[in-house]
Every structure is written in C-alpha cells, then in structure tokens.
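The values are calculated or read from the model by the stated rules, or taken from the named source; none is laboratory data. The structure presented is a predicted model; accordingly, all values stated were derived computationally and were not measured. Every residue, glycine among them, receives a Cβ derived from its backbone with ideal geometry; neighbour counts consider all protein chains shown. Just the protein is used for accessible areas: all its heavy atoms, side chains included, with ligands, DNA and RNA removed. Shrake-Rupley method; radii C 1.70, N 1.55, O 1.52, S 1.80 Å.
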Number of protein chains: 2
Amino acid sequence: MSRHAPVNDDNVKDVAVSTDIVAYMTSLGRSARAAGAVMRGQDTAAKNAALMAMARHLEAARSELIDANAQDLARGRETGLDAALLDRLALNDTRIDGMIEGLHQVAALPDPVGEIDGLHSRPSGIQVGQMRVPLGVIGIIYESRPNVTIEAASLCLKAGNACILRGGSEARESNAAIAACIDAGLREAGLPAAAVQVVATTDRAAVGQLISMPEYVDVIIPRGGKSLIERISREARVPVIKHLDGVCHVYVDASADLDKAVAIAVNAKTHRYGTCNTMETLLVDAPVAAELLPRLASFYAEHGVELRGCERTQAILKGIAAANEEDWATEYLAPVLAIRVVDGIEEAMAHIDRYGSHHTDAIVTENYGLARRFLAEVDSSSVMVNASTRFADGFEYGLGAEIGISTDKLHARGPVGLEGLTTRKYVVLGDGHVRV
Amino acid sequence: MSRHAPVNDDNVKDVAVSTDIVAYMTSLGRSARAAGAVMRGQDTAAKNAALMAMARHLEAARSELIDANAQDLARGRETGLDAALLDRLALNDTRIDGMIEGLHQVAALPDPVGEIDGLHSRPSGIQVGQMRVPLGVIGIIYESRPNVTIEAASLCLKAGNACILRGGSEARESNAAIAACIDAGLREAGLPAAAVQVVATTDRAAVGQLISMPEYVDVIIPRGGKSLIERISREARVPVIKHLDGVCHVYVDASADLDKAVAIAVNAKTHRYGTCNTMETLLVDAPVAAELLPRLASFYAEHGVELRGCERTQAILKGIAAANEEDWATEYLAPVLAIRVVDGIEEAMAHIDRYGSHHTDAIVTENYGLARRFLAEVDSSSVMVNASTRFADGFEYGLGAEIGISTDKLHARGPVGLEGLTTRKYVVLGDGHVRV
C-alpha cells in the first residue's frame, strides 16, 4: 500500500494514535471521495479491464500471497486462534483460484450503471426517467477471511464506487499482499488507485472513524458476527446496510402435500446448519401434525438433529425436550430445531411476526388463497411458497454475486448484489423547456 | 383522538412529563406496529374506501375544522406568530377543498403494493421475483401547515403503512379536528384506527421519543426547516429520509442554443424564489459569457434579481457585487443569483461537486457528448439537459403526489411518492423444491 503513509499502530501512546488515526482515515476518505467522482465517469470496459488486470496480478503473485498468509497463520497460531478461524484465514492455491475466478465472474456480470428505467414523456414536454448510478464511497468492515478483500473490491468497483476496506487484523499481511495486486490492477487499467483502499492499520479506532465520516463515506456494510454489526449500527453516523439474525420458519399448512413438506423441512434444516437461511423453527398446522411430525422426526434423527417442541408437539413426539420462549427467538446455527403446532395460518403468521427476524420464511401449501396471503403479509426479506429457505442467496436468486444479505427494509432488502451498491437519480431531457 | 389517553402537556413537572411521554409514545408505537401488520393485508379497494370516507368526513366537518383553526389562529396572533406563519396555518374553504381533492387524487393513484418485478425461473427450478410491499410504520414530523396531516396520512395509507404524525404545536386544534375525520374514515372502512395516529401532545420530548423507537418505527420523514431536519438526522436511531439544501445550478455550455439558455436561466431563477429547485448559481462557459450575460442581466433586472459574480463575470457585468466563497454554497431562497464564468464542463462539474447540494443541476448544451457526460457524472438527485431546474417535483415527474424530495442517496432519491414509502422483498415460488 504505497499510496498512503504507513500508520504505526503499536508503540505509540493512545492519544497520539487517535490523532494519527483520525488524520489517516480522513485522508483515506478524502481520496476515496475524489476517486468516486472519477469512477462515476468510467465505462464498463475500463472497469472490466481493471478486474482482469487484478486477476493477472493475483496469478503472478501466488507465492507472495502464500508467504504473506503464512505470516498471518504463524501469528494466529501463536496468539491461539481456534482451528475454525485459522481455516477461514488460510490461503492456498485453491482459494487463490477462487479469487481469480471471482474476478472473472464479476467482470462478466452486466453493468447496472447507466441503466435508465421508465423514461417517459410528460404533458409539460420534458422526458423523465431514473438512471442507475454508483452510490459513491462504500466502507466495508469484515473479519478474518482474506478473500473477502477481493469480493468486496470487485463488486464495489464494478458498480462504479470507490471503497475503503477494513479487514480483520488476523489477516493483515494477507490483505496487504492482496491490496498490492488490486493496486497494480487499478494502475494498469488507468483507474485511480484510491478507488480501492485497504486500511493499513489494525488499530480499532480506525473502524470508529470510518463509520463517522458521512462527508466521505455514503454507506457502511459490516460483514461479521452479530455483536460487531450491532455495535457498528449503534455508533455509525453513516447509513448501514446490515445483516442481523436469520430466525427462519417453515409453516406446513393443513392442505400441504406432505411429501413436499418433508422434503422442504428436511432440506431447510439439514442442508447446512451454520447458515442464516437455515430453518430454526418449524410450524405445523394442527390437522397434519400427527401424520407429519413422526415422519419428519425419523429423518431428523438420522441427521442427529435435536428437537424441542411445544406441548402439542411433545404429545405427538414423546420424549423430546420442551421449547421455551427463548427457543422461539433463537438462531441456533446448529443441529437443533424448535417445533410448534399451530391452529392455521393466522397463528403461524403471528408467531413469525413475533419471534422471527424477518429474514426468510416459507409456507408449504396447495391452497392458492393461503399462498397468496402468506406472500403478501409475511414481512420478511424473502418469502417462499413450497421451497426450502436455503434458496435465500444471491447466487440462487441469479444476482451473480452477493456482498451480503440485508435484513434492513430501506434501500436493499434480502441478498445484495451489484444493484444494492448503486442508487437511482432522476434524469430530465428537454429542449429548452421551462415551467409555466 | 379518542383512541389514546390524552396527555397533559402543561402544568406537570418535567420528570413526570418525560415519563408520561415515553409511555405515551411507546403505546402509539406498539399500536402502530400492530396496525401496520393489519394494513399489509389490505387490498386497494379497502384503502381507497378509507380515503373516500375521510374526504366525506372532512366535507361534513367544515365548520368544526374552521372553528378549531380559529382557535389556533387566535393563539398564534397572541403569541406573535408572523404573517407568513399565520398564513400557512390558516384553513379556509379553499384549503379544505384542496384537502378533499387531495384524498380523491391519492385514491385514484395506482396502488404500488403487491407489484412483482422480474419474476423469472432459475436453473434450480424455483421462480424468483421482487414484490413491492409497505415499509411498515412511518413517522412524519412537520411544522405548521395543517393540510400536511391529510397529505401525509393519505400517502402512508395508500402505500399500506401505519403512520404516526407529529405536527407543529401552532396547529394543534386544527390537527386534532382533522385527526377526528381521519379516525372516522378509517373506522367506517373497517381499517384499524391506529393506522393513522396524530400525536396528541405538543411536548417536544415526543419527537425525541418518536425518533428513538426502531422497534416500532421503520423510517422518519421530517418536513420543515433545515435546523429541524439536521437535528433529527443527528439524533435519530431510526433511518431518516431527509431533504436538506437545494443549491441548484444551471451550466450553460459554449455549444448551447442561447435562446434556450436565456429561457431556462430566467425560469430556473425567477419562476419562484423560495423553492428548493430554484437555481442559486449560474455557471457560464467562457466563450459565450460576453454574449449571454448581458442578455440575461436585463431580464434579471426586470425581475429585480440581485446578481453577484466572479471576477470574470464582473468584467462583463460592470458594477455587480463580487460573489465570495459563501455565495457559492448558499441557498438564497430569494431574488439573488451567483454567477461564475468557467472554462468548460470539467470546471463546471468540479464547481457543482464542491459547492452544490446534490439536489438538481442542469446543463444547457447542443453537444451530444457533453450532455451524456453531464447526465452520467453529476451526482445529484435530478440531473437535466436543456430544462429548467424547477421541473424537479413529484407532480412534474408524474408521481401523482409527493411526500417530499430526498437529498439522500439510499432508498429514495429525489421526489418521493408512493413508491418511496414502500420497499421490495424477494418472493420465491416452488413446487417442493429443495437446494442440492
């Protein structure tokens, strides 16, 4: 990262560091704002050229990347990072292949910038439409996976934005090596180097400053654990596109085809346990509970899924534990499932509204009217009929790439791809028209 | 407002009031959240029936409305409100006609809720699209004009939201009388009375509480002066759709048709002085300055517009005052215009980027390439070619109605109509599909 002065984040007194950090982050912000103005004028070819050049520089720097990563891994082992974290941190040839492939994929995506929707003529004689344009400057805060550096940079760049990336301190050497490849790619393509800036200090105060500069940063996207995201949302003075819990439900209605219900309820729970779109609570309409629950229970037993039920569930599935109030609101991210027997769609929707996280909820039904109601009335970022909640994903939805899943309602809701990194402005075309 | 306990906002000690206010606003929030869930399920006919019923109740309550307003006006005169404020506060038959007509117009607008965009089939077999849905609960904070109560209520309702309206204390009797008509209309149509709640206390702490309840309120829209909006943006814990300055520019390029340039520059400045889409700075490309500026100056003189110019402008228009740094960044809202001679589009766009407020900016040009660049690169909510900035308006754009103009980039940018009061969620249609 030759383009900004290194910040010494050890061996300096707190006050001095804070002053340095404010000055350093402000300089990143100012450079990003200027780079964003240049990026707005770049065409698709220029952006794609930069992405392809970055891919070539990654390819050429494989050994440097692996060496840098080895330093991070060594320090991680010394400081006692657990095995899962070390795995996320590790780079190898396969993961470098994945980053290169990701850059090719983003280059191949249609460019959303410049699209004009709804251009139409008004009685006054002007034509009015909405043009899709970059947001400007995006700050992304993430944790240990160094490949996020490439994912985030490539999506922000393709959407015409400048970005400031703040990765986890565990990955600092890896991120610096990746940043050098990004930098070289930008320069080779003639784009401003400050279009992608990787924060070169691991001082935590950098995050506090990044989220407090609305004059330089248009939106913050935190990627990480719930506590990180909650803290950033609480403290940010910049809008945040955030992803909190995924307490997802499947409701099996009395009219459901029970074969479909079994397939969906098993897949939604057992396909992967640690993902936000995994089902955490199953709601079953009373008339089919006695038939459905024992069938499901044998599948769940095969997968080693622990079941916790309401009293009516316990009456059918003898011996399972009771689910309490806390269970209904818990994102287990584990082979545990809460089950509740309900009386019809009203009670199911009321449960989802009360305990859910408005992430992804599905109904299994053959009843047209109930499907229609569930789609209209359940207030979640993804609402499904007769499909597994596991489909809630940018790639499954055809976005081509995903920077995250938004559980917010404003701006972007659900999986966020390139479009979520843009906004729309009005364009007016006239020929000397004035207002009368 | 019979549906919640009255709050005594005089004669009570501060601490007691604050406790009351928190409890009171929390109860409004809880009721709004519940009403929002019911509103999500309402079809267009039910919402329109409520709007038409409200119109009938306003018609039937003309004398009560005028009596209530007379109390506000009398108190306003006693407390020394200025003439402009008293005028905004006043209700008369024409203004009541306007409110009734407004309700009819909103009822006639297409309902955006339930529209599904881009439903398409994925290789997995599912169909994915995006459905437009209500935001949920909207808080609107506004000043003295009582007709805003009807405008805000009708737009929120038509978009399927519940709303909490907090009008200016000067209009409290008028707003209570209007609220009674809204209430009667909702009840007559069988919609929840809490779908529209008018805050029945003038205690300023109510605003502080309204903007601090993300669990009950999804977005805040402040309508009023800049200081109100800045304070709310700074303190809100809920997303804010805000409208700050309109420092709007017209740039006349060397290739412009000067007749069009004169028409647009005169209209953009003199059509109305106090509106946010009025031009505040004129930028003129050097090669046409000597011809254009004297022509414009005579029109501006006719309208009594004071001119302030850069040195090059002063060299052409002898005797006008100098424009300083502050002028370039000022929203005059008055018959004053700053003028700068620039060398080409780059300098014009750099000026707009530095001093403008990203509201509305126009270029006058016959050059295709420059028009295209200006549209793509100027980062404002409305960007125009050969048209007066005064067109930046929800009605002129065909939105049918407008809750305000957003100078934010996220979610809604530019004039905000019904669509800005909604969001989109993903819908997935399957037939037992699971993820492999």
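So here's what we get for this one:
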| item | result |
| --- | --- |
| Normalised alpha carbon radius of gyration of the range B:299-355 [divisor 2.2 N^0.38 Å] | 1.14 |
| Over chain A, equivalent-ellipsoid semi-axes from the Cα gyration tensor in Å | 42, 30, 19 |
| Separation in nanometres of the label points that stand 7 Å from Cα toward Cβ, at A:Glu346 and A:Ala23 | 6.7 nm |
| For peptides A:161-170, A:193-202, sequence by mean Cβ density within 10 Å, most packed first | A:161-170, A:193-202 |
| Area of B:Met99 that stays accessible when all protein chains are in place (1.4 Å probe, Å², to 10) | 10 Å² |
| Aspartates and glutamates whose Cα lies under 18 Å from that of B:Lys318, excluding same-chain neighbours fewer than 8 positions away | B:Glu291, B:Glu302, B:Glu306 |
| Beta bridges by DSSP in chain B, antiparallel share as percent, to the nearest 5 | 30 percent |
| Surface accessible to a 1.4 Å probe, per residue, for the residues of the range A:302-436, Å² | 36 Å² |
| Solvent accessible area, Å² - A:Phe395, 1.4 Å probe, full protein context | 110 Å² |
| Test item: B:385-395 mean partner chain Cβ contacts at 10 Å | 5 |
| Whichever lysines have a C-alpha closer than 17 Å to that of B:Lys260, once near sequence neighbours (fewer than 8 apart) are set aside | B:Lys269 |
| Gained length - B:Glu419 relative to B:Glu78, 0.36 nm times residue gap less alpha-carbon distance | 118.6 nm |
| On Cα atoms only, tilt of A:368-377 relative to the major axis of chain A in degrees | 40 degrees |
| Acute angle (nearest 10 degrees) that the helix A:258-270 long axis makes with the longest principal axis of chain A, alpha-carbon atoms | 40 degrees |
| R0 of 30 Å, Cβ-Cβ distance B:Ala70-B:Glu235: FRET efficiency to nearest 0.05 | 0.30 |
| At 7 Å out from Cα toward Cβ: B:Arg95 inter-copy label distances (nm, ascending) | 6.6 |
| Cα-based helix-to-principal-axis angle, B:344-355 vs chain B, degrees rounded to 10 | 40 degrees |
| Accessible area of A:Glu326 in the full protein assembly, 1.4 Å probe (Å², nearest 10) | 140 Å² |
| Closest Cβ on chain A to the rotation axis that carries it onto B (distance rounded to whole Å) | A:His411, 2 |
| Copies compared at A:Ala108 - label distances in nm, ascending, label defined 7 Å from Cα in the Cβ direction | 5.1 |
| Unit charges on C-beta of K, R, D, E only; dipole of the protein assembly as shown, Debye | 40 debye |
| Difference of contour (0.36 nm per residue) and Cα-Cα distance, A:Arg187 to A:Ser255 | 18.4 nm |
| Label distances, nm, B:Asp257 versus same residue in remaining copies, Cβ-directed 7 Å point | 6.2 |
| 47 Å tail of the calculated P(r), the protein assembly as shown, as % of Cα pairs | 29 percent |
| For the range B:14-235, convex hull of alpha carbons as volume per residue, Å³ | 146 Å³ |
| Within straight-line cross-link reach of B:Lys47, lysines at Cα separation under 26 Å, skipping those fewer than 8 residues along the same chain | A:Lys409, B:Lys158, B:Lys425 |
| For the range B:348-390, convex hull volume per residue from C-alpha positions, Å³ | 61 Å³ |
| Calculated log₁₀ intensity ratio I(q)/I(0) where the Debye formula runs over C-alpha points of the range B:373-436, q = 0.13, 0.18, 0.21, 0.27 Å⁻¹ | -0.51, -0.73, -0.91, -1.22 |
| For chain A, size of Cβ-based charge dipole, Lys and Arg +1, Asp and Glu -1, in debye | 1220 debye |
| Centre separation in Å (Cα based) which lies between the range A:245-316 and the range A:59-88 | 40 Å |
| Cysteines in chain A that, by Cβ-Cβ distance, have no pairing candidate under 4.7 Å | A:Cys181, A:Cys248, A:Cys276, A:Cys310 |
| Per-residue [θ]222 nm for the protein assembly as shown (sum of -39500 (n - 2.57) over DSSP H runs n ≥ 4, rounded to 500) | -14000 deg cm²/dmol |
| Among A:Met99, A:Val198, A:Pro146 the positive-end extreme of the charge dipole of chain A (Cβ point charges) | A:Val198 |
